[in-house]
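> Right, I'll just put the structure down here and ask away after.
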Amino acid sequence: MLNVAVVGSGPAGLYAAEALVKQAAALPVPVPVRVDVIDRLPTPYGLVRYGVAPDHKSIKSIAQYLRKVLESPDVRFAGGVHLGEDVTRDDLVSAYDAVIYATGAMRDRRLGIPGEDLPGSYAATDFVNWYCGHPDVDAGAFTLDAESIAVIGVGNVAVDVARILARDPHELHATDVPQPVLDALHASKVREVHMIGRRGPAHAKFTTKELRELGELPGVEVVVHADEADLNAFDLVGEGVTLVESDRRVRGNLVAITKWAQGAAPEPAASGHSRRLIVRFWLRPTEILGTERVEGLTLERTAISPDGKFGGTGEFETLDAQMVLRSVGYQSVPLPGVPFDSRASVVPNAQGRVLGEDGAPLPGEYVAGWLKRGPTGVIGTNKSDAAETVRCLLEDLAGGPGQGDVPLPRAGLLRYPDRPAPAADPLVQAADPDGQWPLAGVLAGRGIVPVSYAEWLRIETAEADLAKALGRGDRVKLHNAEAIWSACRPPSE
């Protein structure tokens with residue numbers, strides 16, 4: 001029996017758990033595996049639950065695939081267990097044959113400009129966590145009394161934030177957005193949303209599907225300045241032209257951007273709801289203005305010079321804005337005791353094997369997802385990333401395929417091993433025959449009772465019941481930690 005702990009129950013962690021169970025069973029000599037998926041929150045699914053916008057139901061449906069991982073007899077969920085507080089790295093390494101760290105990237109990069117800490121200046125992750133109902137963010141954290149908001153960044157997260165701010169909140173009634181958040185969106189005074197990129201439209205990181213959605217919002221006028229959409233206006237070496245020629249995504253983006261720059265506006269919504277979304281390029285923020293709170297934003301025109309250097313031109317403009325949301329990239333944060341490369345903001349690794357200070361792999365320690373490679377790719381990218389890490393783990397510990405051998409099929413093409421479902425246990429699902437699991441003694445000694453998968457299902461039921469009571473869709477998220485914990489462990493118990 002190979003006992004493995006996965007720290008983090010988001011896509012990276014659960015794809016790793018899936019790959020472990022399926023690929024270990026597919027080895028020439030099958031190896032039984034028990035995987036404990038540990039998360040500091042009582043709720044699983046990580047970014048799928050707390051990072052995907054509520055109006056992106058098709059992406060959120062990935063949770064149904066991940067649910068099957070947690071329901072495997074060889075996988076058990078242990079929520080409410082915080083690495084660094086409830087357990088240590090040494091606890092995990094001592095209790096398990098291997099540990100996979102997969103905690104993602106939880107912090108926004110800073111702009112590093114004056115005024116960034118003024119009230120009204122926020123990290124986009126805080127805003128995303130708010131509208132996704134993350135228990136770390138109070139439901140009253142945002143009051144949308146600003147008429148003009150600047151979103152710094154032109155990636156998919158920035159697009160999500162801009163879309164939620166501009167969208168008619170009536171269209172969110174059937175989603176899982178928490179009720180206090182929906183109430184705040186209904187009371188919003190926002191009339192203009194500015195999405196601002198340092199470079200040109202060809203350099204923007206958003207995908208075409210997400211970009212086009214902005215133009216499909218009823219009653220929202222999308223505006224792009226014609227000169228900023230011109231590939232040659234501020235790019236004197238033709239980088240943008242080269243990108244358009246070589247990248248299908250960039251070509252698709254440019255079609256939508258060019259249409260908006262030519263002034264094609266949508267039909268107004270029947271409700272009269274009207275907002276403007278202004279997409280700007282070749283501008284970088286240099287200062288957030290205000291005394292007691294955000295009052296404006298100073299932007300400098302940027303360009304690529306004839307010698308290929310990117311930088312400011314010395315031409316400035318001031319944008320009227322009462323809120324600034326920065327979305328210029330995520331960073332992973334160090335895990336207590338675990339090696340960390342502060343420059344790259346990842347755990348140093350070779351194909352998922354965690355490396356020590358001497359550059360050699362540390363026995364039994366692995367990493368997956370954004371914590372391994374940085375915040376790149378889409379949710380599905382974590383499948384191949386996890387498969388690489390698991391391949392190395394099985395090679396090291398279970399006689400798996402070695403370097404140069406034919407790789408195992410990816411987990412999605414394999415079946416789970418045919419084993420009976422475990423007996424129901426309200427606290428520790430998939431328990432070993434003696435009722436223990438590797439961390440049971442450690443956590444019991446510290447008074448920590450992990451949240452089981454069965455208890456998580458109570459939260460799901462409570463959210464479905466709330467949606468029914470409010471007349472809103474299939475699920476409405478519980479809006480704070482107290483409500484979540486009360487649902488999974490009712491006070492009467």
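The values are calculated or read from the model by the stated rules, or taken from the named source; none is laboratory data. Keep in mind it's a predicted model, so treat the numbers as computed, not measured. Backbone-built Cβ (ideal geometry, glycine too); neighbour counts: all protein chains shown. Heads up: the accessible areas ignore ligands, DNA and RNA and are worked out on the full protein's heavy atoms, side chains in. Shrake-Rupley method; radii C 1.70, N 1.55, O 1.52, S 1.80 Å.
> Using label points projected 7 Å from each Cα along Cα→Cβ, tell me how many nm separate S384 and Q403, to one decimal.
2.1
> In nm, give the distance between the simple-model label positions of E315 and H173, each being 7 Å from the Cα along the Cα-to-Cβ direction.
A separation of 4.7 nm, rounded to one decimal place.
> Same structure, new question: Are there GluC sites (Glu not before Pro) in segment 273-363 that DSSP marks as loop and that have at most 15 other Cβ atoms within 10 Å, and which are they?
Within segment 273-363, the qualifying GluC sites (Glu not before Pro) (loop, at most 15 other Cβ atoms within 10 Å) are E292, E357.
> Can you check what the net charge comes to around R446, using other residues whose Cβ is under 10 Å from the Cβ of R446 (Lys, Arg +1; Asp, Glu -1)?
It works out to a net charge of -3.
> Could I ask something else about it? Which of rounded, prolate or oblate describes segment 97-196 when judged by the alpha-carbon gyration tensor and an a/c cut-off of 1.5?
Oblate.
> Return the FRET efficiency for the residue pair R251, A187: r is the Cβ-Cβ distance, R0 is 45 Å, and the value is rounded to the nearest 0.05.
After rounding to 0.05, the efficiency reads 0.65.
> Given a 1.4 Å probe and heavy atoms of the protein chains only, how would you sort K209, K60, largest accessible area at the top?
Reading off the accessible areas and sorting them downward yields K209, K60.
> Going by a ≥ b ≥ c, the root eigenvalues of the Cα gyration tensor, does segment 5-99 fall in the rounded group (a/c under 1.5), the prolate group (a/b larger than b/c) or the oblate group?
Here segment 5-99 falls in the oblate category.
> Using a 10 Å cut-off on Cβ atoms, rank the peptides 124-137, 469-482 from the highest mean neighbour count down.
Packing order, densest peptide first, comes out as 124-137, 469-482.
> Provide V31, V93 ordered by accessible surface of protein heavy atoms (probe 1.4 Å), highest first.
Order by accessible area, largest first: V93, V31.
> If ligands, DNA and RNA are left out, what is the accessible area of R373 with a 1.4 Å probe, given in Å² to the nearest 10?
60
> Right, here's the next one. Ordering K259, K468 by accessible area with a probe of 1.4 Å, largest first, what comes out?
So the residues, ranked largest to smallest area, are K468, K259.
> Right, something else. Filter the cross-link list K259/K372; K57/K309; K68/K259; K189/K383; K57/K372 down to pairs whose alpha-carbon distance in this structure exceeds 31 Å.
Cα-Cα > 31 Å for K259/K372; K57/K309; K68/K259; K189/K383; rest within.
> Okay, moving on. What FRET efficiency would be calculated for the residue pair D307, S492, taking the C-beta separation as r and a Förster radius of 56 Å, to the nearest 0.05?
For D307 and S492, the calculated efficiency is 0.20.
> On to the next question. Mind checking the full-extension length gain between Q436 and D341? Use 0.36 nm per residue of separation minus the Cα-Cα distance, one decimal, nm.
30.6 nm
> Quick one: work out the % antiparallel among DSSP beta bridges in the chain, nearest 5.
Just about 35 percent of them are antiparallel.
> Right, something else. Using a/c under 1.5 as the rounded threshold, could you call the chain rounded, prolate or oblate? The axes a ≥ b ≥ c are square roots of the C-alpha gyration tensor eigenvalues, and prolate needs a/b larger than b/c, oblate otherwise.
prolate
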